[in-house]
1. Have a look at Tyr316, Tyr335 and point out the one that is outside any loop (DSSP other than H, G, I, E, B), closer than 21 Å to Ser260 by Cβ, open to solvent by 20 Å² or more (accessible area, probe 1.4 Å) and not small (Gly, Ala, Ser).
2. Criterion first (surrounded by fewer than 21 Cβ atoms within 10 Å (Cβ to Cβ), over 24 Å from Asp251 (Cα atoms) and charged (D, E, K, R)) does Glu443 satisfy it?
3. Modelled with pLDDT of 95 or more, crowded, with 24+ Cβ neighbours inside 10 Å, among the basic types (Lys, Arg) and touching an Asp or Glu at 6+ places or on another chain (Cβ under 6 Å) - does that describe any residue in the stretch 132-139?
4. Among the residues of the stretch 489-523 satisfying the criterion of being part of a loop (DSSP other than H, G, I, E, B) and open to solvent by 50 Å² or more (accessible area, probe 1.4 Å), which is modelled with the lowest pLDDT?
5. In the stretch 319-332, how many residues are over 17 Å from Leu296 (Cβ atoms), under 22 Å from the mean Cα position of the chain (by Cα) and in a loop (DSSP other than H, G, I, E, B)?
6. What are the pairs, 6+ residues apart or on separate chains, where a residue within the stretch 83-108 that is under 22 Å from Lys156 (Cα atoms) has its Cβ under 7 Å from a residue that is open to solvent by less than 10 Å² (accessible area, probe 1.4 Å) and of a type in the set (Ser, Thr, Tyr)?
7. Given the condition among the basic types (Lys, Arg), open to solvent by 30 Å² or more (accessible area, probe 1.4 Å) and either within 30 Å of Thr312 (Cβ to Cβ) or not in a helix (DSSP H, G or I) (or both), answer yes or no: does some residue in the stretch 118-128 qualify?
8. In the stretch 442-466, how many residues are in contact (Cβ under 8 Å) with a residue 60 or more places away in the chain and among the β-branched types (Val, Ile, Thr)?
Amino acid sequence: MKKHISALALAAGLLFSSCDDFLEKEPDFLSPDNYYNTSEQVEAALDGVYNRLIDPNGRMYSKALYSYFAISDEAFYKNISINNIRVMQFDAGNLDIGRFWEVLYEGVSRANYLLAYTDESVLDTPEKKAMKGEALFLRGYYYFLLTSYFGEVPLKLTPTVSPNEKPKGKASLAEIYARIEKDMRDAEELVLDIDQLGTNERVSKTAVQAVLARVYLKMAGYPLNDQSRYGDALTYADKVVKSARHSLNRDYKQIFINHSQDINDPRECIWEVGMYGNKIGSEDLAGSVGVENGILCRDINIGYSGGAMQVTKRLYDAFEEGDLRRDWNIAPYCYETDANTGVTSPKYFTEKQIYNRNPGKWRREYETGDKAQYYNSTNFPVVRYSDVLLMKAEAANAVNHGPNDEAYEALNQVRRRAWGLDPMVPAPECDLDALGGEQEFLEAVQRERFRELCFEGQRKLDLIRWGIYVSTMNDYGREAAADGGSFAYAGNSGKNITARNVVFPIPNNELTINKLMTQNPGW
């Protein structure tokens, strides 16, 4: 598993040199006269583009994008109350933010070189043309992350060929999103179907379509607020649904057990970031899924986690009676080691111990093979089929100014699975069918996304595009301070958030190097 970003990624790493400013300095591995002349060279270069999704220091999908970059009302950090990004107290000099910016532009730069310096004669089969499509998509995706987290950013679409090249200032949001849309729609025509790929660790046609649905929902919401894009979101979510290449795994928890056991499930998980190894040896493509956001356990043999993230009562209370996801997503136990016997076993929480609990989606006890303390090969799902169904429901509701039968059915398929039922068979015990109108249905979708996708890095981004991130977090801060008891500090992140926090600051290093850059408001 994860072969496409393992050995070849190491070779790709030799092709791409690191530099302090990825928008200005000239890499030393390539000149305009040196093209990728073989499919093996193109594939190695493509692996280099992919592997920026995994930052060895944890700033991408190896850790930060589902943990401390994704602070919302789902979880808080244990024993951290002040002066930390985990409670939303940081500034433009934050090292994690600076490295995040650099890694994203590394991905853009690598894609730019591949696209500019690949000999088109090499791309003589659909399989080889797909590699160009994947590079186009990934460039668009890195820009989607950049603008989602930083707002307006420089838009660079060509390789840097001279150290004297002038730096770029910020592009408008409209210009950035237009480019994201073009790159991804061009990629849609080139990439392979998931059945042809045989893995969800590479970008397939339905992966492009699913992410485009997400992009269009973002464009329909804050800050562009272009409501015509709901129609595009519906079109692209429908493409995935009608492809018949994806479906819901009947067993919700099995999705995440499969990740822990290195089992690909491309039916439910449309695209996931493939991790490799555990940093024991020469590979450096491991992640911390289930470590940073895992169940407290000090025994490496079971699967170590310091239990850094703990859940909010708000999330716990969001689950309805009969919803089986609650006690999977929110672990009802942690592990304790008996001081006398040395035996580690589960300790179950009481009904009142809500804030003590950890995320339980990825449980390291299910990992196979030798276990390392802080790293593993557990993949992270960027987009799942249930997300597509919920995007379809949301978009259909907006387009029709109220829910139609298709919107209800998409929402209810997710709910039926949550109750342990056949997603395709109507179930009166959990189906919604008589909500009051557009706003009430939207609120039902919002609650369902909260429950279904918690700890997958989407909650914060959802709240921002709905225009309610600051108000929701402030409400949560007051709520946790009032009912958290000894965990009253759990609400500090919510209390600290202001309007400036809908985007990160432009890193100080970038402002120093690029005199055309301006800081984001409030920072």
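1. Tyr335
2. Judged against the criteria, Glu443 is a match.
3. So far as the stretch 132-139 goes, yes, one or more of its residues are modelled with pLDDT of 95 or more, crowded, with 24+ Cβ neighbours inside 10 Å, among the basic types (Lys, Arg) and touching an Asp or Glu at 6+ places or on another chain (Cβ under 6 Å).
4. The qualifying residue modelled with the lowest pLDDT is Lys515.
5. Residues in the stretch 319-332 being over 17 Å from Leu296 (Cβ atoms), under 22 Å from the mean Cα position of the chain (by Cα) and in a loop (DSSP other than H, G, I, E, B): 1 in total.
6. Qualifying pairs under 7 Å: Leu104/Tyr142; Gly107/Tyr142; Val108/Tyr142; Val108/Tyr143.
7. no
8. 1
The values are calculated or read from the model by the stated rules, or taken from the named source; none is laboratory data. Every value quoted in this text rests on a predicted model; they were computed, and no experiment measured them. Positions of Cβ are generated from backbone atoms using ideal geometry, with glycine treated the same way; all protein chains shown enter the neighbour counts. Calculation scope for accessible area: heavy atoms of the full protein, side chains included, ligands and nucleic acids excluded. Shrake-Rupley method; radii C 1.70, N 1.55, O 1.52, S 1.80 Å.
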